[in-house]
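Following: one structure in structure tokens, then a few remarks.
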């Protein structure tokens, strides 16, 4: 039986490898997004905790520290805004990678389907050839068996 060899197998292998790389990139981007979100959350929590501590103090103690807190708060808010911008960039990058990943996945699925169709056609063709060979050998055997009954010999 002739072995099945598909001409586009190398293309499928490369596309599958590309899909795996994009999946890995998506995973890394998801982790980076989670880290940025966590940092934003931590910074906001620190601001809330400090504000709560400041609110618990007496007014005479609170007023001198309020100016320091306001400066710190402004600096932290700018950092949070930069982190928010970074988060937006990462999310747009993730959306683009996800689009490319879905395209690569669709291409791989199509190539796998084409490979299966080609393999099925190959198996049908091999089956037909084997059946033809079997039929030919059966006809030849029948003819050889029939010749002695007719009184002729096979050279």
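The values are calculated or read from the model by the stated rules, or taken from the named source; none is laboratory data. Here the structure is a predicted model, which means the values were calculated and not measured. Note that each Cβ is placed from the backbone with ideal geometry, even for glycine, and that neighbours are counted across all protein chains shown.
Annotations for the structure displayed:
- In the range 39-75, the residues that are outside any helix (DSSP H, G or I) and exposed (fewer than 10 other Cβ atoms within 10 Å of the Cβ): 58
- Filter pass, residue 139 being in contact (Cβ under 8 Å) with a residue 12 or more places away in the chain, assigned to a helix (DSSP H, G or I) and within 30 Å of residue 3 (Cα to Cα): no
- Qualifying residue in the range 15-24 (condition: modelled with pLDDT of 90 or more, over 39 Å from the mean Cα position of the chain (by Cα), loosely packed, with under 14 Cβ neighbours inside 10 Å and part of a helix (DSSP H, G or I)): no
- Any hit, the range 99-121, residues being touching a residue at least 40 places away in the same chain (Cβ under 8 Å) and farther than 30 Å from residue 25 by Cβ: yes
- Residue satisfying condition, being touching a residue at least 40 places away in the same chain (Cβ under 8 Å), outside any helix (DSSP H, G or I) and loosely packed, with under 10 Cβ neighbours inside 10 Å, within set 2, 7: 2
- From the list 105, 113, the one residue that fits, being at pLDDT 95 or above, loosely packed, with under 13 Cβ neighbours inside 10 Å and in a helix (DSSP H, G or I), is 113.
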